[in-house]
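First the structure, in the form of structure tokens, and then the observations on it.
Where a number appears in this text, it was derived from the coordinates with a stated rule and is not lab data. Treat the numbers as computed from the prediction; the structure is a model and nothing was measured. Glycine also receives a Cβ, built like all others from the backbone with ideal geometry; neighbour counts cover every protein chain displayed.
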Amino acid sequence: MNIRQLTTQDAKVIHSLETACFTLPWSLEAFISELGSNASAVYFGVFDDGGALIGYAGMWRVADEAHITTLATRPDCRRQGVARALLDVLENRALETGASYSFLEVRVGNIAARSLYSGRGYQPLGVRRGYYADNGEDALIMKKDFGMEAADE
């Protein structure tokens, strides 16, 4: 897998994949802002051998926390380790920059994503009722404590 940090030049291709993956896609302007002017944000992409974006993920680093804001894999490339590789990159960056915790929200009905996160050490923390505007679905808040990883190094 070819993984690199994303820039504003990648905004259109990210937005295209976002639209293919989510019922409530972020706008192109949101990605341009995240990639260009949000100093707390970092995004990484996975590219196939032909240079096509097959997955991306982003996070914000604030205080001692990392907040995973988005993670998507092209539907035909799922269950091939793309999301796992992106989580590795985000968590490594979080640890390198001094994060103690990582947080994320996931649809309660997204069993595949919840399984991935649980398998990576994320624990349920709470629920945001009616979080998703498209259908009012709840979001499960999950947290991973990096204290164990930092202690292992």
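Taking 0.36 nm per residue of sequence separation and subtracting the Cα-Cα distance, how much length would be gained by fully extending the chain between GLN5 and GLN80, in nm to one decimal? Before the final figure, lay out the partial values.
Working: separation 75, 0.36 × 75 = 27.00 nm, distance 2.01 nm.
Here the segment from GLN5 to GLN80 would lengthen by 25.0 nm.
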Dipole-positive endmost among ALA94, GLN123, HIS67 within the chain (Cβ charges, Cα centre) = GLN123
Which labelled figure in (i) 54, 29, 27; (ii) 51, 42, 26; (iii) 38, 37, 32 is Cα extents along the principal axes in Å, once derived from the coordinates = (iii)
query = Which of rounded, prolate, oblate describes region 48-136, given a ≥ b ≥ c as roots of the alpha-carbon gyration tensor eigenvalues and a/c under 1.5 marking rounded, otherwise prolate only if a/b is larger than b/c?
reply = oblate
inquiry  = Could you give the length gained by full extension between THR19 and ALA133, i.e. 0.36 nm per residue of separation minus their alpha carbon distance, to one decimal place?
reply    = 39.5 nm
message = 5 Å is the cut-off here: which amide hydrogens, built 1.01 Å from N in the peptide plane, fall below it relative to LEU125, excluding neighbours closer than 5 in sequence?
response = ILE141, MET142, LYS143
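Between beta-carbons, use under 15 Å as the cut-off and find the net charge around VAL108, counting Lys and Arg +1, Asp and Glu -1.
Here the count lands on 0.
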inquiry  = Net charge within 13 Å of THR97 by Cβ-Cβ distance, Lys/Arg positive one each and Asp/Glu negative one each, not counting THR97 itself?
reply    = -2
key: Check: the chain dipole with +1 on Lys, Arg Cβ and -1 on Asp, Glu Cβ, in debye   = 340 debye
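Could you sort 125-133, 112-120, 87-95 so that the peptide with the highest average Cβ count within 10 Å comes first and the rest follow in order? Kindly include the intermediate steps, with their values, before the conclusion.
Working: 125-133: 12.6, 112-120: 14.9, 87-95: 18.4.
Peptide ranking by packing, descending: 87-95, 112-120, 125-133.
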ask   = Whose amide H sits under 5 Å from the amide H of LEU6, counting only residues 5 or more places off or on another chain, with H placed in the peptide plane?
value = TYR43, PHE44, GLY45
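Return the FRET efficiency for the residue pair ASP88, LEU125: r is the Cβ-Cβ distance, R0 is 22 Å, and the value is rounded to the nearest 0.05.
Values: r = 22 Å, r/R0 = 0.98.
Plugging the Cβ-Cβ distance into 1/(1 + (r/R0)^6) gives 0.55.
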inquiry  = Amide H of PHE146 versus every other amide H placed in the peptide plane: which residues, excluding those fewer than 5 positions away on the same chain, fall under 5 Å?
reply    = TYR101, SER102
Derived scalar couplings ³J(HN,Hα) [region 136-144; Karplus, 6.51 cos²θ - 1.76 cosθ + 1.60; whole Hz; x for Gly, Pro] = x, 5, 6, 10, 8, 8, 10, 9, 10
ask   = So which chymotrypsin sites (Phe, Trp or Tyr not before Pro) in region 1-110 pass both tests, a DSSP loop state and at most 14 other Cβ atoms within 10 Å of the Cβ?
value = PHE22
